[in-house]
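A quick write-up on the structure given underneath.
Derivation of every value follows stated rules applied to the coordinates shown; laboratory data play no part. In this text, all values refer to a predicted model and were calculated from it rather than measured experimentally. With ideal geometry, Cβ positions are generated from the backbone for all residues, glycine too; neighbour counts draw on all protein chains shown.
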Ligand code: SF4
């Protein structure tokens, strides 16, 4: 007898996220409860489709990259955050610090290759004078007035203000006088105090991070925002984090971009937690695009997520893939498996393979070519 296959008609399954998708299609803001439902769902395709629609509404088919240079000036730090593989206590083996000339020499080589931004962050060094930072920025501006200096997380600004006994406004004014143009978004971690207490108890806390960015925005600095995920936090902590950023952005409009940072565990006290999954990386990126409706740009940060996920991220809400970087230590000391440098052809190829149109941007997201 000949085998005759039988087929059953597949009924269309109802989409449990259809009410949220209807909101995003209408350009409406989703609620914290909606955000939690997205995190609870395994329907990555629907979540990605929503994020992609918003991403294309805001940025079309463009995907941005920047020619930049990272300076991690010292890993000597008075704190010992559990997720950090970069820092060394003062006097501990493996601590490094370089003077300004060391960095200016490296930077002058890169300036010839057309970089437009210097990104400066480091540990909380207890004995450097404030003039170390202002001289470094002034030295950079003497090399090129056009170069954009994006420097010092809110954690460093808070530390400078306390160490050098100045209000935050005075600290930022003096840095601006030296040439500071904008601030990066690091040090935010997860705002919820119960998470801060588990991973970086001695650090200043989420409320202070938000306060320093609020002050910076009131002083007309543009800044960026991050969220370190994939350690001890729960989905509701991530949503709370995004909610607080969305509120501050409503109030000030001072954020340029949001960058979800996947926790890289190697050589940290939290190594037993392991790496984030690709599923979680893409879902978190997509939900941040959906939730943060008042942020123009979401970054798929290749250094923490890896090149493959960063590239896929361009279809899951991200419109920016960061930049050439040149020399990154903070994440590489935590086991990042990516190179320390990407060339412009590398970045353009990553973007083109994702079906996007590559555009070089400056630090304020003006398109350069
Ligand atoms: S995360 Fe920053 S503040 Fe915390 S230990 Fe590392 S360098 Fe220091």
request  = For region 32-135, just say rounded, prolate or oblate: build the C-alpha gyration tensor, square-root its eigenvalues into a ≥ b ≥ c, call rounded for a/c under 1.5, and beyond that prolate if a/b exceeds b/c, oblate if not.
outcome  = oblate
remark   = Longest principal axis of the chain (C-alpha) makes with the long axis of helix 278-291 (C-alpha) an angle, in degrees to the nearest 10, of 80
key: Value of Rg to Rh for region 62-213 (Rh from inverse mean 1/r over Cα pairs, i.e. Kirkwood)   = 0.97
ask   = Could you work out Rg/(2.2 N^0.38 Å) for the chain, with Rg from alpha carbons only?
value = 1.03
query = Points 7 angstrom from Cα along the Cβ direction at residue 105 and residue 127: gap in nanometres?
reply = 2.3
task = Restricting to the chain, compute how many DSSP beta bridges are antiparallel as a %, nearest 5.
result = 5
query = Contour minus end-to-end for residue 208 and residue 272, with contour as 0.36 nm per residue of separation and end-to-end as the Cα-Cα distance?
reply = 20.1 nm
query = Against the longest principal axis of the chain, how steep is helix 100-111, in degrees 0 to 90 to the nearest 10, with axes from Cα atoms?
reply = 50
query = Can you give the angle from 0 to 90° between the axis of helix 44-59 and the longest principal axis of the chain, with both taken from C-alpha atoms, to the nearest 10?
reply = 60
request  = Any chance you could run the full-extension gain for residue 341 through residue 236? It's 0.36 nm times the residue separation minus the Cα-Cα distance, nm to one decimal.
outcome  = 34.3 nm
task = Sort the following peptides by mean Cβ neighbour count (other Cβ atoms within 10 Å, averaged over residues), highest first: 152-165, 209-222.
result = 152-165, 209-222
ask   = In nanometres, what is the gap between the two model label sites at residue 31 and residue 58, each 7 Å from Cα along Cα-to-Cβ?
value = 2.3
message = Can you show me the helix-derived [θ] at 222 nm for the chain, built from DSSP H runs with n ≥ 4 at -39,500 (n - 2.57) apiece and divided by the number of residues, rounded to the nearest 500.
response = -12500 deg cm²/dmol
